[in-house]
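All remarks here apply to the structure that follows.
Any read-out appearing in this document is the output of simple, stated calculations on the displayed coordinates, not a laboratory observation. Keep in mind that this is a model prediction, so the values were computed, not measured. Every residue, glycine among them, receives a Cβ derived from its backbone with ideal geometry; neighbour counts consider all protein chains shown.
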Amino acid sequence: MLTISASAKLNLTLEVIGKRADGYHEIRSVMQTITLCDKLTFKPHGKITIESNLPEWNAEASLVSKSAALLQKYANVSKGAAIELEKHIPLVAGLGGDSSDAAATLRGLNELWGMKLPVEKLRELAAQLGSDVPFFLSGGTALAEGRGEKLTALPSPPHRWVVLVVPRIPRLPNKTASLYASLKPNHFTDGQITRRLVAALKEGKDFDASLLFNTFENVAYTVFEGLKVYRDHIMKLGAKKVHLAGSGPALFTLLEDEAQAKDLFTRCQNQGMEVYLAKTL
């Protein structure tokens with residue numbers, strides 16, 4: 001039996017440079033994994049079976065099943081695996097849970113089946129599954145370029161506590177595509193914001209939350225009904241800055257002090273919010 005953790009991520013920056021000829025958008029983003037994670041267990045089996053502790057999670061529609069099928073096809077193997085997913089990352093929240101589970105599946109089956117594929121090959125396969133999947137093969141802190149698949153490892157910022165709130169608002173069908181479609185040309189940037197954060201990380205400067213940026217914040221508070229109410233309420237409870245996680249609707253704030261983070265977490269919890277306490281990895 002083999003168990004692998006699949007971490008959630010935050011986009012510390014997320015800039016959209018413009019639309020590409022292939023229909024994707026050119027982005028610049030600094031991605032950061034956090035301690036909130038799913039756990040995947042792999043056991044030898046005659047065929048691929050996938051089970052989860054979360055009833056509303058759909059195995060057939062997930063990237064977990066697509067990852068297993070892709071690896072089987074690439075390596076021309078008939079081996080199977082019993083995959084059990086212990087789900088903790090909220091669904092469709094902008095935290096990359098499905099992409100992270102996909103990367104963990106590639107890593108787990110590569111080891112379970114004794115394939116010994118190098119990480120470079122796994123990254124090629126991961127890019128076929130989704131733009132964020134290659135990042136999760138290594139995690140940590142990285143600059144993502146292109147449509148998100150071109151990665152450069154970065155020094156990690158000083159550890160921060162993360163208070164993460166998942167608003168109880170209606171989920172949008174094709175959420176990320178809807179947000180991209182809502183962006184106007186004046187929401188596109190040239191990558192300088194991300195370059196400033198990259199330079200600060202490389203120079204080992206003290207991490208400043210003012211360097212964080214997510215262009216989807218220009219449209220998310222209109223696209224997601226009720227999201228602004230949550231953001232304003234979290235700030236009333238003591239958060240100095242509240243940021244959108246990826247394509248949302250999850251919101252997060254970073255804190256240096258553990259006691260302050262736990263106090264804000266408790267305040268949000270007492271207000272009946274779906275809230276998580278994590279740390280940057």
Practice item. Compute the separation of the alpha-carbon centres of the range 167-240 and the range 69-111 and state it in Å as a whole number. Key: 28
Review point. Quick one: Cα centre-to-centre distance for the range 241-263 and the range 7-68, in angstrom?
Key: 21
Review point. Is the range 153-281 rounded, prolate or oblate when judged by the Cα gyration tensor, a ≥ b ≥ c being the square roots of its eigenvalues, rounded requiring a/c under 1.5 and prolate requiring a/b larger than b/c?
Key: oblate
Point to revise | Net charge dipole size for the chain [Lys, Arg +1 and Asp, Glu -1 on Cβ; Debye, nearest 20] | key: 220
Check your understanding: When we measure straight from the Cα of K43, which lysines land under 24 angstrom away, once same-chain ones fewer than 8 places off are left out?
Key -> K66, K73, K79, K87, K116, K121
Exercise for review: Would you work out the charge dipole size for the range 148-281 about its Cα centre, treating the Cβ of every Lys and Arg as +1 and the Cβ of every Asp and Glu as -1, and quote it to the nearest 20 debye?
Suggested key: 200
Study note, to complete from the structure: Taking a crude spin-label model, label points 7 Å out from Cα along the C-beta direction, the K202 to T176 distance in nm is 2.7
Review point. Mind listing which trypsin sites (Lys or Arg not before Pro) in the range 26-85 are in a DSSP loop and have 10 or fewer other Cβ atoms within 10 Å?
Key: K47
Check your understanding: How high is the FRET efficiency between T152 and T35 when r is their beta carbon distance and R₀ equals 25 Å, given to the nearest 0.05?
Key -> 0.60
Check your understanding: Of L2, L12, how do they rank once you tally other Cβ atoms within 10 Å and put the fewest first?
Key -> L2, L12
**Study point:** Among H88, F42, V198 the positive-end extreme of the charge dipole of the chain (Cβ point charges)
**Key:** V198
**Study point:** Cut-off 11 Å between beta-carbons: net charge of the residues surrounding V30, Lys and Arg +1, Asp and Glu -1
**Key:** +2
Point to revise | Rough spin-label spacing in nm, given labels placed 7 Å along Cα→Cβ, for M115 and K228 | key: 4.7
Review point. Using the count of nearby Cβ atoms within 10 Å as a rough guide to exposure, how do K262, K9 rank from fewest to most?
Key: K262, K9
Practice item. Between D263 and E86, with labels modelled 7 Å along Cα→Cβ, what's the label distance in nm to one decimal, could you check? Key: 3.3
Check your understanding: Per the helix-only calculation at 222 nm, which mean residue ellipticity applies to the chain, given -39500 (n - 2.57) for every DSSP H run of n ≥ 4 and division by its residues, nearest 500 deg cm²/dmol?
Key -> -10000 deg cm²/dmol
Exercise for review: Show which lysines lie in cross-link reach of K205 when reach means a straight Cα distance below 28 angstrom and same-chain residues fewer than eight apart are skipped.
Suggested key: K9, K150, K240, K241, K262, K279
**Study point:** Residues with amide H under 5 Å from that of I50, placed H, sequence gap 5 or more
**Key:** I83
Practice item. Quick one: which residues, 5+ away or cross-chain, put their amide H under 5 Å from the amide H of M273? H built at 1.01 Å from N. Key: none
Review point. Length gain on complete extension for the stretch I169 to R195, per 0.36 nm per residue less the alpha carbon to alpha carbon distance?
Key: 6.0 nm
Practice item. Over every pair of different alpha-carbon atoms in the chain, take the mean of 1/r and invert it; report that Kirkwood radius in Å. Key: 19.4
**Study point:** Cross-link reach list, aspartates and glutamates versus K175, counting only Cα pairs under 17 Å and skipping chain neighbours closer than eight places
**Key:** D98, D132, E217, E225
Practice item. In whole Hz, with x marking every Gly and Pro, tabulate ³J(HN,Hα) for the range 196-205 from phi via Karplus 6.51 cos²θ - 1.76 cosθ + 1.60, θ = phi - 60°. Key: 5, 5, 4, 4, 5, 5, 5, 8, x, 6
Review point. Rounded to the nearest 0.05, what FRET efficiency is calculated for N218 and A21 with R0 set to 35 Å and r the Cβ-Cβ distance?
Key: 0.90
